């Protein structure tokens, strides 16, 4: 069986590159690296790469030249949301305080038995969860990887 070693990056399409880059820096702690790049020749997708220093997760923020003007909609086929693992309820509470401090609306902390999470939407409505797996799930090593109940 073929394998892969991790996620190289996540690419998202946004309406405003500058606004989104600043939001990801201020709200989730991603720092821009390098300059805005034009992307592959003829594609018309300028992008800014941002990286979260502690986790190493990289997001490529794209603003197509011919953007459709649509907004994100999790009810359409495709992406629903991204979920970032945190190390338990205390860390989740720290994120809630941070969101409050930077004035970003967020969901209440939701407890679904096998995890607690809070959701925040980026400027284009793309949902990001901060996910604290229940202790039994963390002990199984699943707090650092995707899993379904």
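The values are calculated or read from the model by the stated rules, or taken from the named source; none is laboratory data. The structure displayed is predicted, hence computed values, not measured ones. Please note: Cβ atoms are built from the backbone with ideal geometry, for glycine as well, and neighbour counts cover all protein chains shown.
Scanning the range 113-149 for residues that are under 17 Å from the mean Cα position of the chain (by Cα), in a loop (DSSP other than H, G, I, E, B) and modelled with pLDDT of 55 or more turns up 122, 123, 124, 125, 126. Could you tell me whether any residue of the range 89-109 is modelled with pLDDT of 95 or more and under 29 Å from residue 39 (Cα atoms)? There is no residue in the range 89-109 that is modelled with pLDDT of 95 or more and under 29 Å from residue 39 (Cα atoms). The sole residue among 126, 112 that is farther than 19 Å from residue 27 by Cβ and outside the structural domain of residue 16 (by TED's automatic domain parsing) is 112.
Restricting 50, 27 to those that are surrounded by 15 or more Cβ atoms within 10 Å (Cβ to Cβ), in a strand (DSSP E or B), in contact with a strand residue (DSSP E or B) (Cβ under 9 Å, 6 or more places away or on another chain) and at pLDDT 95 or above reduces the list to 50. Assess whether residue 72 counts as being part of a strand (DSSP E or B) and under 28 Å from residue 112 (Cα atoms). The answer is no for residue 72.
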